[in-house]
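Colleague: Pasting a structure here, questions to come.
The values are calculated or read from the model by the stated rules, or taken from the named source; none is laboratory data. Bear in mind that the values here come from a model prediction, so they are computed numbers and not experimental data. Virtual Cβ from ideal backbone geometry, glycine too; neighbours counted across all protein chains shown.
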Amino acid sequence: MRKHILIVSPASARENNGNWQTASRWVRFLRAVHRVEIAGAWSGPGRAPDLMIALHARRSAASLAAFADAHPGRPAILVLTGTDLYRDIALDAAARASLQRAHALVLLQPAGLALLPMALRARARVIYQSAPSLRPYLRRGQARFADICMIGHLREEKDPLTFIRAAGMVIHPAARLLHIGGALDPTLGQAALEAQAANPRYRWLGALPHAAARQRLKRCHAMAITSRMEGGANVIIEAVTSGVPVLASDINGNRGMLGEDYAGYFAPGDAAALARLIDRVIGDSEFDALLRRQCAARAALFLPGAEQAAVRDLVDNLLLHAPGATTNTKD
């Protein structure tokens, strides 16, 4: 029996960020067996969904509270973002209340489990996000540029200034640093404009459609992620499944995605260390090959079939055990 599932996503297609990509993928995964829609919020009254999936403990707190109060027997899933795990649940009462209201907690990488209260860890499940694999880009001859890209909107949590500063420190003659993302913080946008005017190595491409950003990523020599906090970055998955090695800030969320022994970490905020990694991944073929092998070893974690199966299994089990539930149709 098809059920009505509502995904509450504070981010929309217009923002085109990681939370929106998660919501849109989960809609595709679930529509074959359930009736699914996305909304920015839910407050009732009216016909309530049989199950709610809420992204972001703080920003979806009101929707989750309204649903839990109106329909306490209906299941709710909370997908925890990076700002949830690494800031909000420690500081924000509404975010902590969301943890208590959800019947299941989804983390996007396993390192975040340690941030949850011990009593709630039994409700938690790790579901790695996914991206379709792209055939690696085959370079013909000696390329003029070795592009290193950063994909992420310009906001404090993503720390774009570290990428900008690194562009002024790299020394390899082929290095070019490309930044894809909109200026959510006008001050950071101005910094990017000034860096582009002053440094020919740095180019700010602005916001691009998701498919265009991924094609640009595929053609890059490596991708940098400089974030201060991440729940489980989509861009890491998209790089790995495109055959592009990652240079990552050494934070809990990135380690959960790439593994504890990954060789491409740099200290958060350390632009000089990132610049050295960029020079090395371009100029040292053995180091480049090592990062590519390590990323390829993680690729099986990020297959769409695995994410789809995990999402459907979680949803169907919660629906099956909800009060008054009837057996759902499974494929």
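Colleague: Out of 281, 246, which single residue is modelled with pLDDT of 95 or more and within 20 Å of residue 81 (Cβ to Cβ)? First the steps, then the outcome.
Modeller: Details: 281 fails: within 20 Å of residue 81 (Cβ to Cβ).
Within the list 281, 246, the selection yields 246.
Colleague: Something else now. How about segment 101-114: which of its residues are without any contact (Cβ under 8 Å) to a residue 60 or more places away in the chain, closer than 22 Å to residue 23 by Cβ and either among the hydrophobic types (A, V, I, L, M, F, W, C) or not assigned by TED's automatic domain parsing to the domain that holds residue 78 (or both)?
Modeller: Matches in segment 101-114: 102, 105.
Colleague: Continuing with this model, one more query. Scan segment 116-129 for residues that are within 13 Å of residue 232 (Cα to Cα) and in contact with a Leu (Cβ under 6 Å, 6 or more places away or on another chain) and jot them down.
Modeller: The initial filter retains those residues of segment 116-129 that are within 13 Å of residue 232 (Cα to Cα), namely 126-129.
Residues satisfying the conditions are 126, 128, 129.
Colleague: Considering only segment 136-166, state which residues are of a type outside the set (Phe, Trp, Tyr) and touching a Gly at 6+ places or on another chain (Cβ under 8 Å). First the steps, then the outcome.
Modeller: Within segment 136-166, the first condition is being of a type outside the set (Phe, Trp, Tyr), and the residues that meet it are 136, 138-144, 146-162, 164-166.
Hits for segment 136-166 are 136, 150, 151, 152, 153, 154, 157, 158, 159, 160, 162.
Colleague: Then there is this: State the number of residues belonging to segment 253-283 that are out of contact with any strand residue (DSSP E or B) (no Cβ under 9 Å at 6 or more places or on another chain) and either assigned by TED's automatic domain parsing to the domain that holds residue 82 or among the basic types (Lys, Arg) (or both).
Modeller: 1
Colleague: Next question. Looking at segment 118-130, I want the residues that are assigned to a loop (DSSP other than H, G, I, E, B) and have a partner that is among the charged types (D, E, K, R) with Cβ atoms under 8 Å, at least 6 apart or on another chain. Which pairs are those?
Modeller: Listed pairs, sorted by first residue: 127/307; 128/307; 129/25; 129/307; 130/25; 130/307.
Colleague: Would you check which residues across segment 216-230 are assigned to a helix (DSSP H, G or I) and basic (Lys, Arg) and list them?
Modeller: Our first condition is that a residue be assigned to a helix (DSSP H, G or I); within segment 216-230, this holds for 216-218.
Listed by number, the residues that qualify are 216, 218.
Colleague: Further question: For residues that are more than 30 Å from residue 90 (Cα to Cα) and in a strand (DSSP E or B), scanning just segment 28-58, find the one that is farthest from the chain's Cα centre (by Cα).
Modeller: The residue in question is 35.
Colleague: Shifting gears a bit: Give all pairs with beta carbons closer than 8 Å in which a residue from segment 44-66 that is closer than 21 Å to residue 86 by Cα and crowded, with 24+ Cβ neighbours inside 10 Å meets a residue that is among the basic types (Lys, Arg) and at pLDDT 95 or above; count only pairs at least 6 apart in sequence or on separate chains.
Modeller: 57/96; 64/101
Colleague: Testing residue 99 on (1) touching a strand residue (DSSP E or B) at 6+ places or on another chain (Cβ under 8 Å); (2) at pLDDT 95 or above; (3) closer than 18 Å to residue 227 by Cβ; (4) of a type outside the set (Lys, Arg), one condition comes back false. Which one is that?
Modeller: Among (1) touching a strand residue (DSSP E or B) at 6+ places or on another chain (Cβ under 8 Å); (2) at pLDDT 95 or above; (3) closer than 18 Å to residue 227 by Cβ; (4) of a type outside the set (Lys, Arg), the lone unmet condition for residue 99 is (3).
Colleague: Return the residues of segment 86-101 that are surrounded by 16 or more Cβ atoms within 10 Å (Cβ to Cβ) and of a type in the set (S, T, N, Q); say none if nothing qualifies.
Modeller: Matches in segment 86-101: 98 only.
Colleague: Another question, if that's okay. Residue 111 is checked against (1) touching a Gly at 6+ places or on another chain (Cβ under 9 Å); (2) within 14 Å of residue 9 (Cβ to Cβ) and fails just one. What number does that condition carry?
Modeller: All conditions pass for residue 111, except number (2).
Colleague: Answer yes or no as to whether residue 287 is crowded, with 20+ Cβ neighbours inside 10 Å, without any contact (Cβ under 8 Å) to a residue 40 or more places away in the chain and either over 25 Å from residue 212 (Cβ atoms) or of a type in the set (D, E, K, R) (or both).
Modeller: Working: crowded, with 20+ Cβ neighbours inside 10 Å: no; without any contact (Cβ under 8 Å) to a residue 40 or more places away in the chain: yes; either over 25 Å from residue 212 (Cβ atoms) or of a type in the set (D, E, K, R) (or both): yes.
It is false that residue 287 is crowded, with 20+ Cβ neighbours inside 10 Å, without any contact (Cβ under 8 Å) to a residue 40 or more places away in the chain and either over 25 Å from residue 212 (Cβ atoms) or of a type in the set (D, E, K, R) (or both).
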